[in-house]
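One structure is given here, and the rest of the page talks about it.
The values are calculated or read from the model by the stated rules, or taken from the named source; none is laboratory data. Small disclaimer: the values here were computed from a predicted structure and weren't measured. Cβ coordinates were reconstructed from backbone atoms using ideal geometry, including for glycine residues, and neighbour counts include every protein chain displayed.
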Amino acid sequence: MKWGTSSIFLVAVLSVQAQNQLGLRSSNYSGANSVLINPSSFHSSPLNWDVNIISAGAFFYNEFVYVENTSLIGLLNHNGPFLSRPDQAPETPDDADALYYNFFDHRNSFSNSGNAFITGPSAAVNFGKFSLGLFLNARVAGAGNRLDEDLDFFSLDGWLTGDTKNIDPLNASGMAWSEIGVNFATTLKKGYRSKLDVGVNLKYLMGHEAFFIRSRNEAGVTSFANTSIVQGGPFDYGIASSAVNNSFGINGSGMSTDIGVTYIRKSNEKKPYEWKLGVSVLDIGFIHFNRNTQKHRLTEIDPYAINRNSLSGANSVDELLANLSQEALGNLNQSQTANDFTILTPSALSVQFDYALHKNWFVNATVNRRFNLHPLTVDRENFWSVAARYEDSWFEMGVPVVLYDDHHLRVGTWVRVAFLTIGSDHLNSIFLKQNQLAGSDIYFAIRLNSFSNPFNAGKGKRGKLSPEECYF
């Protein structure tokens, strides 16, 4: 495998995917967690108050490498060897104690993105005419969408000496950050059968780690025994990392905002509402990294001859960047252009539609579509979902069907019992053997709230209503 382990894992990192945790966001009883998909959601909910003690979610899926015939539980419990299927000699019997991994062979470009989160102590309080909230998040997001098919394992490993490949423009980025946010929502308009709420999240961001790689034009790469000749560009890349100077902390700061509206239509007193429609714009903001940060550029003027062994032999990120500059430009520091860069947060337009079939039965449809205000932006994931759920103040169960990245279809479930929610948007991957295990997903939340304030209680924050008064 002449391109080596470093090349494999570089592409694998760019192929990590994730999606939203619907069981924490889409319910009428999602509480403070719901403002992370629509800042007006909590004000439109039946809860007087909500306290999130902790919630977290992790989803991983990649189109680069997979493990054969296992589940997430089987993978985590495996104590035997991991063997490479491409390295196995033909006709060699499988090792019964081993798990085998293999690689996807692409004929077209592949698009991937990823995120994970932990939400710490957070709270929201509904005062009737308005609501206030405070939340703390730690987040990781990364994307490498529309990767050229020549970047898959078999293309890299089978690259013939002297062969030139034309690699499509590449734009990949990722970062880890924490945020302190405040939520405010109020009612803009209300009537006997309808209500319009609006909300906003204002967030202060602290950046910890970040990277980006960007080539603006098609690049021609010719492979030789240990060297690659690269032409095209320009090539821009950068990193902000505590690994640069072996220190941990905050390497940048910034701000972002979410804005959302929710319209509720009431037409049947036996149901909390007929339907509600939410529209939100998420994560409009930036982080400026200026500590432990390097920004580099290779111009498009001349071809570059790069010894791959020099790169794979680097012992640190700083050494890797210096070696790349030395190989391409003949100077360890020539490629570095700045000690700072700004990267935009993963923005998206989100639309949520909720229809009440009965006082306890609902159908929800949610659509997220990413958009970028600048090329140096972490891409958000695209997804479509439809979820049926049963809910009351003490128990809830939902079954989502998710179309991720417009072509990956998955089925999940979530359950909430009082203060505990646990779920997955890719349930079968956790328990059932997959021919190609390339990802899985799980999330949970532990919360406290008022529990006993349904929409039609006629008490609490909405007060007792006379027939001529507005329902809301």
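For A123, work out the one condition from (1) surrounded by fewer than 18 Cβ atoms within 10 Å (Cβ to Cβ); (2) part of a strand (DSSP E or B); (3) not acidic (D, E) it doesn't fulfil.
If we test A123 against (1) surrounded by fewer than 18 Cβ atoms within 10 Å (Cβ to Cβ); (2) part of a strand (DSSP E or B); (3) not acidic (D, E), just (1) comes out false.
Take L320 and decide whether it is under 22 Å from G233 (Cα atoms), aliphatic (A, V, I, L, M), free of Cβ contacts under 8 Å to residues at least 60 places away in the same chain and assigned to a loop (DSSP other than H, G, I, E, B).
no
Can you tell me which residue is modelled with the highest pLDDT among those in the range 378-417 that are closer than 17 Å to D441 by Cβ and among the acidic types (D, E)?
The extreme case among them is E381.
Any residue in the range 78-85 that is among the aromatic types (F, W, Y), part of a strand (DSSP E or B) and within 30 Å of D50 (Cβ to Cβ)?
Checking the range 78-85: not a single residue is among the aromatic types (F, W, Y), part of a strand (DSSP E or B) and within 30 Å of D50 (Cβ to Cβ).
Going through D406, D340 one at a time, which residue ends up being of a type outside the set (S, T, N, Q) and in contact with a His (Cβ under 7 Å, 6 or more places away or on another chain)?
D340
So which pairs qualify, if the first residue must be in the range 92-115 and free of Cβ contacts under 8 Å to residues at least 24 places away in the same chain and within 18 Å of Y66 (Cα to Cα), the second must be among the aromatic types (F, W, Y) and surrounded by 12 or more Cβ atoms within 10 Å (Cβ to Cβ), the Cβ gap must be under 9 Å, and the two must be at least 6 apart or on different chains?
Here the result reads D94/Y100, each pair linking the range 92-115 to a residue that is among the aromatic types (F, W, Y) and surrounded by 12 or more Cβ atoms within 10 Å (Cβ to Cβ).
Can you tell me which residue in the range 217-264 is nearest to E179 (Cα to Cα), limited to those that are of a type in the set (D, E, K, R) and either in a loop (DSSP other than H, G, I, E, B) or at pLDDT 95 or above (or both)?
Here the answer is D258.
Restricting the first residue to the range 417-442 and requiring it to be hydroxyl-bearing (S, T, Y), which pairs with a second residue that is surrounded by 13 or more Cβ atoms within 10 Å (Cβ to Cβ) and in a helix (DSSP H, G or I) meet a Cβ separation below 7 Å and a spacing of at least six or different chains?
Close Cβ pairs (under 7 Å, with a partner that is surrounded by 13 or more Cβ atoms within 10 Å (Cβ to Cβ) and in a helix (DSSP H, G or I)) amount to T421/G23; T421/L24; S424/I430; S429/L72; S440/L72; S440/S429; S440/I430.
Can you report the number of residues in the range 247-276 which are surrounded by fewer than 20 Cβ atoms within 10 Å (Cβ to Cβ) and closer than 18 Å to T186 by Cβ?
Qualifying residue count for the region: 4.
Name every residue in the range 378-411 that is hydroxyl-bearing (S, T, Y) and touching a Lys or Arg at 6+ places or on another chain (Cβ under 9 Å), in order of residue number.
Within the range 378-411, Y404 is the sole residue that qualifies.
Could you please find all residues in the range 277-300 being surrounded by 19 or more Cβ atoms within 10 Å (Cβ to Cβ) and either in a loop (DSSP other than H, G, I, E, B) or of a type in the set (S, T, Y) (or both)?
Listed by number, the residues that qualify are S280, N292, T293.
Here is a list: S84, S173. Which entry is modelled with pLDDT of 90 or more and surrounded by 15 or more Cβ atoms within 10 Å (Cβ to Cβ)?
Checking each option against the conditions leaves just S173.
So for the range 137-151 (the condition being assigned to a helix (DSSP H, G or I) and either closer than 17 Å to S228 by Cβ or not charged (D, E, K, R) (or both)), does at least one residue qualify?
yes
Provide a single number: the residues in the range 340-395 that are among the aromatic types (F, W, Y) and either closer than 22 Å to H407 by Cβ or surrounded by 15 or more Cβ atoms within 10 Å (Cβ to Cβ) (or both).
7
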